[in-house]
1. Quick check on this structure: which one of SER51, SER40 is more than 25 Å from the chain's Cα centre (by Cα) and surrounded by 15 or more Cβ atoms within 10 Å (Cβ to Cβ)?
2. Does SER71 fit the bill of being under 18 Å from the mean Cα position of the chain (by Cα) and modelled with pLDDT of 95 or more?
3. Identify, by number, the condition in (1) open to solvent by 20 Å² or more (accessible area, probe 1.4 Å); (2) among the polar types (S, T, N, Q); (3) without any contact (Cβ under 8 Å) to a residue 24 or more places away in the chain that THR4 doesn't meet.
4. Filter the stretch 63-109 for residues that are β-branched (Val, Ile, Thr), more than 25 Å from GLY38 (Cβ to Cβ) and buried (at least 23 other Cβ atoms within 10 Å of the Cβ) and give the result.
5. Suppose we filter ALA249, ALA230, ALA208 for residues that are in a loop (DSSP other than H, G, I, E, B), out of contact with any Pro (no Cβ under 9 Å at 6 or more places or on another chain) and closer than 30 Å to ASP132 by Cβ; which single one remains?
Amino acid sequence: NSGTWDCQSHATMSNPFGGTAAFNNTGTGTSKKSAGTGTSTVSIPFSNTGSVQALAGTLQYTGAYTQTAGSTTLNGGTIASTTSLSIQGGTLLGVGTASGNVTNAGHVAPGFSPGALGISGTYTQSSAGNFDVEIGGTTPVTQYDQLNVTGAVTFSGTLNVSLVNGFIPDDVSSTFTLMTYASRTGTFSALNLPPATPEAPWVVVYGATSLVLEKLDSDHDGWGDSFDCAPFDPGAFALPGEITGEAFA
């Protein structure tokens, strides 16, 4: 397909006569479901280098789903797969739910500046993968992107965070839950984070069930650790000062 293939019914595309078959959505092609509340099923291997759009109901893939370029967009519909959604290139983005395991060697970008993307399954990001988040405020989903995974996650690759809509975070008390999950393995290999000041650098916190980005304020008393003489005591704070007038033999 190098044009537009729009699934508006709930039929199944299958290969009942034997031999090999595949659906190849090329760089100029759009494969989408724009109508209906039911499920349109593709039971032959599907490859994408163009645009796949889940705009209504459910697009279900029971053969392999492989994307090497282009985009898979959720916006009013659901993507479902009985095998892993293999994002080898391009971007998985939007709002809604991908039902199935996701492997990412491209980009996963929740929302439309901002929004929430769900994965009902596991999420595995390889060394080539990118997780892209936009932050435009302190409220999740409505002001910054969030990815919610029901299963386990495995981290590698790159975390990319950018500020949008003119938002400037508080220097010492900003916290953003970028992802939730059931369990975690690994960490990101590279971090591309917004500019920070020495007294309040960004810190990525790999929690048991959530990934959090925050400024370094260990005791959450409103003073960055670099300016706090007691960074683990919320009841004590003083600017580190220089002692003068002392002599040592």
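The values are calculated or read from the model by the stated rules, or taken from the named source; none is laboratory data. This structure is a prediction, so every number in the text was calculated from the model and none was measured. Positions of Cβ are generated from backbone atoms using ideal geometry, with glycine treated the same way; all protein chains shown enter the neighbour counts. Just the protein is used for accessible areas: all its heavy atoms, side chains included, with ligands, DNA and RNA removed. Shrake-Rupley method; radii C 1.70, N 1.55, O 1.52, S 1.80 Å.
1. Working: SER51 fails: more than 25 Å from the chain's Cα centre (by Cα).
Sole residue among the options that is more than 25 Å from the chain's Cα centre (by Cα) and surrounded by 15 or more Cβ atoms within 10 Å (Cβ to Cβ): SER40.
2. On the way: under 18 Å from the mean Cα position of the chain (by Cα): yes; modelled with pLDDT of 95 or more: yes.
The answer is yes for SER71.
3. Exception for THR4: condition (3).
4. ILE87, VAL108
5. On the way: ALA249 fails: closer than 30 Å to ASP132 by Cβ; ALA230 fails: closer than 30 Å to ASP132 by Cβ.
Residue meeting the stated conditions: ALA208.
Per-residue answers, yes or no, for (1) in contact (Cβ under 8 Å) with a residue 40 or more places away in the chain; (2) open to solvent by 40 Å² or more (accessible area, probe 1.4 Å); (3) closer than 23 Å to GLY94 by Cβ:
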{"residue": "THR150", "(1), (2), (3)": "no, yes, yes"}
{"residue": "ASP170", "(1), (2), (3)": "yes, yes, no"}
{"residue": "SER174", "(1), (2), (3)": "yes, no, no"}
{"residue": "LEU178", "(1), (2), (3)": "yes, no, yes"}
{"residue": "ARG184", "(1), (2), (3)": "no, yes, no"}
{"residue": "LEU191", "(1), (2), (3)": "no, yes, no"}
{"residue": "THR209", "(1), (2), (3)": "no, yes, no"}
